[in-house]
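Read the structure below first, then the notes.
The values are calculated or read from the model by the stated rules, or taken from the named source; none is laboratory data. A quick note: this is a predicted structure, and the numbers were derived from the prediction, not measured. As a convention, Cβ positions derive from the backbone with ideal geometry for all residues, glycine included, and neighbour counts pool all protein chains shown.
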Amino acid sequence: MSTAPTALVMPAISLRRRITDHAMTVVSVLTVIIVLLPLFAIFAYLVYKGIGSINWAFLTQTPKPVGEPGGGMANAIVGSMVILAIASLLGVPLGIGAGIYLSEYGRNRYGDAVRFISDVLNGVPSIVIGIVAYAIVVMRQKHFSALAGGVALAIMMVPTIARTTEQMLLLVPQAIREAAYGLGVSRWRTTLSITLRTATSGVITGVMLAFARVAGETAPLLFTAFGNQFWNWKSDQPTAALSLQIFTYAISPFDEWHRQAWAGALVLIILIVAAVTAVRIAVRHGTLAGAQ
Amino acid sequence: MSNQALPRPRFDPPEPERASKANLKVESRTAPLLQGKVSAVPDAVFGWAMRLCGIAVVLLLGLIVYELIVGSRLSWHAFGFKFFVQSDWNPVEDSFGALPFIYGTVVSSILSLIIAVPLSIGVAVFITEMCPVALRGILSFTTELLAAIPSVIYGLWAIFILVPLLRTYVQPFLATTLGWTGLFSGPPYGIGMLAAGIILAIMIIPIISSITREVLTVVPQHQREAALALGATRWEMIRIGVLRNARAGIVGAIILGLGRALGETMAVTMVIGNRPEIAKSLFAPGYTMASVLANEFTEATGDVYLSALIEIGLALFLVTIVVNALARLLVWSVTRGQPTKGVV
Amino acid sequence: MGVGIIVEQLNAFYGKTQALFDINLNVAANHATALIGPSGCGKSTFIRCLNRMHETIPEARVEGKVLIGEFSVYNGTSATQLRRRVGMVFQKPNPFPTMSIYDNVAAGLKLNGFRNRRQLDEIVEKSLNSSALWDEVKDSLHKKSGASLSGGQQQRLCIARALAVQPEVLLMDEPCSALDPISTGKIEELIFQLKEQYTIVIVTHNMQQAARVAEFTGFFLLGKMIEFDKTEKVFTNPSDKRTEDYVTGRFG
């Protein structure tokens, strides 16, 4: 017992290090504030500038000629719905089918290739897809149309829906499939009535995400649907779309049209949010009802 | 080899008959249900229908490549490689050089990265490492809300709110303080490369930040604990234990953001000024590959004009594919292929 | 009434790995046959070969002959058709989560095109009675989902579901290993009664269970069937030393 152990002297964390630590926390909080600022600003301005102009006339009338006040975006709202309906009709079944392929038949090299290409497709700029839709539909038909716009948007929906469908189907435990096989249910019936059925809410969420993403797209519609100042019920004419109309009005030199652009933007956001929420509610009620 | 340890079970039933070929024909039950023959055809048809859907995805990409190549052939024959280094964009004389657009795309994207990357990483670090757990959900939800806003609405807001702001306050300020660099000279229109860079930055922050968040979350907890155990402050722990480990993934996130910025069309078109010129100053108007497509595609008179535009589309396509593939490789190497949710 | 099963020279593979070696077996009709053996000995693989579930695993392969009744399992009959005559109950109860109790039991019939509502009602009630679950669920057939029952109830639901298709053979792959003792007891009682109508093959880890419910027992080890005889003999006077070692607890 000759030497008593020396007490451990802990160096205090230097002032510099402490200040740096606090500073970085402040910096991080600042970044969050800076990032959230535009978000609030955009929503605030949308409401502030748009709400005053949304009235019955706006929702039911077509645009008035340049210079005249009033008029609305009724044709654009309906046009968007038509284009989105076409896109969904084309893109959703194909996307879900591809998702089923990837999950049930594609756990191999070929499936990996499809998976990779689907991701590549996802990253293609929407304007390039517009060019392709132009080439395959507009150039053949020699006119703009809602179909061309729908095709462009459908191409954009497919990769997203395929990947989310695949992920949701993979979440269904193999035991559930085995239970069905064990009962002598054929594979196709099992895949549709059991596996897909179990994953329904997740699949629908994926579809809804894809829908929300393309609902606001403008670029691919620029040279497919092209836009129209009037009502159009013919399939061989260009069609108005809400996003296109907002764009045209926003870059125009007319204050009247600027005002309507804000209103249109607000309507667009509301429609997207409404569609997404409606689907959420329907899914929740559907699964709770538990019907087969 | 009789075993006394195991108690004899009480087993008195009569000798059951072993199955043999002779008595296999026990009366099969009458199962009036499900007697029909099962055909293998529906399964085969379904299987092929699904495979067809998978093939369709591949065909879609092939179709895109095909149309772009075929459409740009005319321009390629006319100008060859010079197309990408000439800066003269002259529809009237059918002389097309795409350099201004390439320049505009590159500069606006890099500018947006310079602004967006520190902000995105800051937000991601805050949410994953510093934020009280209760706030985490709300914050990540709101940052992802930014991703849901359509491009044209960003553009609308940019034209009427951002640009006047730049014109009135920011650009004069930058001109007086940093004008000597040459980057902030010329008349403060508001509209121009700077506006494009800023609105692009706002648009790519959600994707960079959400991927970064995922990459940070995957860093194992023991890395953080090791740093703390050595006496690191929280920031030092983040820097050494988390960020350093997630480096590859963060770079991947940044490159993904770059990919998004390169292809972004509407918002940029609305504020960049649409002038096919190369200028040093960020105040000057410019033009990107996506913007010229948006503006001039429907006005293109003449086959060469249209073909030149499609060639620009092809170039844009190739660049974004390469950038995105590189980014995914990096992100995958860190997250090991766990499914990425949300904004991708 | 059940049918007998004859297995000749059965070999099963997972890719290049062989899991079963030359299994020969005769299963008596209307009796319960237990398969015992240590983990990984191939008894689950074997039972899954009987209704061709083994094939659902990619790269899995079977060689040999299996006759169920007059049906040759591996020659001609479609797997789907076969599985309608051979029911299976799995180790972990797996009722269909999005379906009600009624729909779960009727699933094997409805999904195969059987639509007659009244007959379905009868069959559902009969099956739930056979699996001793009717009294517990008869008031909530359509309201409760299959997944909302307790573990033991879920397994009985799965048994009812398998029985509703009116198979001739019932294969049970460790049906009680995920259940508590009381549920286990109930299911063992069930097996005792079901024997009269069905041929039952049950894989079990639990030797006492085999002794309780089965007339015949087969002992598997490392993919080979070591011994197959009346249960009494296998447990009290086994012919093979390895069987004796396992049965007396020297390994496994």
Practice problem: Show the residue pairs that are 6+ apart or on different chains and have beta-carbon atoms under 8 Å apart, the first residue being within region C:235-252 and within 14 Å of C:Leu221 (Cα to Cα), the second being among the polar types (S, T, N, Q). | Solution: C:Glu244/B:Asn3; C:Val247/B:Asn3; C:Gly252/C:Ser39
Self-check item: Test set (1) of a type outside the set (D, E, K, R); (2) at pLDDT below 90; (3) touching a helix residue (DSSP H, G or I) at 6+ places or on another chain (Cβ under 7 Å); (4) farther than 18 Å from A:His258 by Cβ - A:Leu84 fails condition number
Solution: (2)
Practice problem: Please work out which residue is surrounded by the most Cβ atoms within 10 Å (Cβ to Cβ), limiting yourself to region C:229-249 and to residues that are more than 8 Å from every other protein chain (Cβ to nearest Cβ) and touching a helix residue (DSSP H, G or I) at 6+ places or on another chain (Cβ under 8 Å). | Solution: C:Val234
Quiz item: Does C:Glu189 meet the test of being charged (D, E, K, R), assigned to a loop (DSSP other than H, G, I, E, B) and farther than 26 Å from C:Cys41 by Cα?
Solution: no
Practice problem: Might you check whether a residue that is free of Cβ contacts under 8 Å to residues at least 60 places away in the same chain, surrounded by fewer than 21 Cβ atoms within 10 Å (Cβ to Cβ) and more than 20 Å from A:Met157 (Cα to Cα) occurs anywhere in region A:207-216? | Solution: no
Quiz item: Among the residues of region B:125-146, how many are more than 20 Å from B:Leu228 (Cα to Cα), touching a residue at least 60 places away in the same chain (Cβ under 8 Å) and more than 9 Å from every other protein chain (Cβ to nearest Cβ)?
Solution: 2
Quiz item: What number goes with the only condition from (1) out of contact with any strand residue (DSSP E or B) (no Cβ under 9 Å at 6 or more places or on another chain); (2) in contact (Cβ under 8 Å) with a residue 40 or more places away in the chain; (3) surrounded by fewer than 19 Cβ atoms within 10 Å (Cβ to Cβ) that C:Asn116 does not pass?
Solution: (2)
Quiz prompt | Any chance A:Ala179 is farther than 19 Å from A:Ala240 by Cα, within 8 Å of chain B (Cβ to nearest Cβ), at pLDDT 90 or above and in a helix (DSSP H, G or I) | solution = no
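For (1) closer than 30 Å to C:His205 by Cβ; (2) among the aliphatic types (A, V, I, L, M); (3) modelled with pLDDT of 90 or more, each residue gets a yes or a no:
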site: C:Val105; (1), (2), (3): yes, yes, yes
site: C:Leu120; (1), (2), (3): no, yes, yes
site: C:Val124; (1), (2), (3): no, yes, yes
site: C:Ser127; (1), (2), (3): yes, no, yes
site: C:Leu157; (1), (2), (3): yes, yes, yes
site: C:Arg161; (1), (2), (3): yes, no, yes
site: C:Val165; (1), (2), (3): yes, yes, yes
site: C:Glu174; (1), (2), (3): yes, no, yes
Quiz prompt | Count of residues meeting criterion [closer than 30 Å to B:Pro285 by Cβ and surrounded by fewer than 21 Cβ atoms within 10 Å (Cβ to Cβ)] in region B:121-167 | solution = 7
Quiz item: Among (1) part of a helix (DSSP H, G or I); (2) touching a residue at least 24 places away in the same chain (Cβ under 8 Å); (3) closer than 28 Å to B:Thr298 by Cα, where does A:Met81 come up short?
Solution: (2)
Quiz item: Taking helices (runs of 4 or more DSSP H) that do not extend beyond region C:35-119, which have at least 3 residues that are within 18 Å of C:Ile23 (Cβ to Cβ)?
Solution: C:43-50
Quiz item: For A:Leu183, are the conditions met, namely being in contact with a strand residue (DSSP E or B) (Cβ under 8 Å, 6 or more places away or on another chain) and free of Cβ contacts under 8 Å to residues at least 60 places away in the same chain?
Solution: yes
Practice problem: State which residue is modelled with the lowest pLDDT when the search covers only region C:30-50 and only residues that are out of contact with any Asp or Glu (no Cβ under 8 Å at 6 or more places or on another chain) and among the hydrophobic types (A, V, I, L, M, F, W, C). | Solution: C:Cys41
Practice problem: Answer yes or no as to whether B:Ile102 is over 16 Å from A:Thr31 (Cβ atoms), among the hydrophobic types (A, V, I, L, M, F, W, C), more than 14 Å from chain A (Cβ to nearest Cβ) and surrounded by fewer than 19 Cβ atoms within 10 Å (Cβ to Cβ). | Solution: no
Practice problem: Scan region A:14-32 residue by residue and report those that are surrounded by 12 or more Cβ atoms within 10 Å (Cβ to Cβ) and either under 25 Å from A:Ile77 (Cβ atoms) or of a type outside the set (Lys, Arg) (or both). | Solution: A:Thr20, A:Asp21, A:His22, A:Met24, A:Thr25, A:Val27, A:Ser28, A:Val29, A:Leu30, A:Thr31, A:Val32
Quiz prompt | Single residue of region B:174-186 satisfying the filter (touching a residue at least 24 places away in the same chain (Cβ under 8 Å) and out of contact with any helix residue (DSSP H, G or I) (no Cβ under 9 Å at 6 or more places or on another chain)) that is nearest to B:Ala279 (Cα to Cα) | solution = B:Gly182
Quiz item: Tell me, which residue of region A:89-114 that is farther than 19 Å from B:Phe46 by Cα and over 21 Å from the mean Cα position of the chain (by Cα) is nearest to the other protein chains (Cβ to nearest Cβ)?
Solution: A:Ala113
Quiz item: If you check A:Ile86 against the conditions, is it farther than 18 Å from A:Ile246 by Cβ and within 22 Å of the chain's Cα centre (by Cα)?
Solution: yes
Quiz prompt | Failed condition for C:Ser78, given (1) touching a strand residue (DSSP E or B) at 6+ places or on another chain (Cβ under 7 Å); (2) assigned by TED's automatic domain parsing to the domain that holds C:Thr243 | solution = (1)
Quiz prompt | Any hit, region A:56-76, residues being touching a residue at least 12 places away in the same chain (Cβ under 8 Å), within 8 Å of chain B (Cβ to nearest Cβ) and either surrounded by 13 or more Cβ atoms within 10 Å (Cβ to Cβ) or in a loop (DSSP other than H, G, I, E, B) (or both) | solution = no
Quiz item: Which ones in region C:124-158 are within 23 Å of C:Glu196 (Cβ to Cβ) and part of a loop (DSSP other than H, G, I, E, B)?
Solution: C:Ser131, C:Ala132, C:Leu133
Quiz prompt | Test: A:Lys49 is under 30 Å from A:Pro253 (Cβ atoms), of a type in the set (D, E, K, R) and more than 26 Å from the chain's Cα centre (by Cα) | solution = no
Quiz item: When only residues in region C:210-228 that are surrounded by 23 or more Cβ atoms within 10 Å (Cβ to Cβ), part of a strand (DSSP E or B) and in contact with a helix residue (DSSP H, G or I) (Cβ under 7 Å, 6 or more places away or on another chain) count, which is nearest to the other protein chains (Cβ to nearest Cβ)?
Solution: C:Phe216
Quiz item: Say we look at region C:212-249 and pick out the residues that are of a type in the set (A, V, I, L, M, F, W, C) and touching a Ser or Thr at 6+ places or on another chain (Cβ under 6 Å); which of these is nearest to C:Gln9 (Cα to Cα)?
Solution: C:Ile226
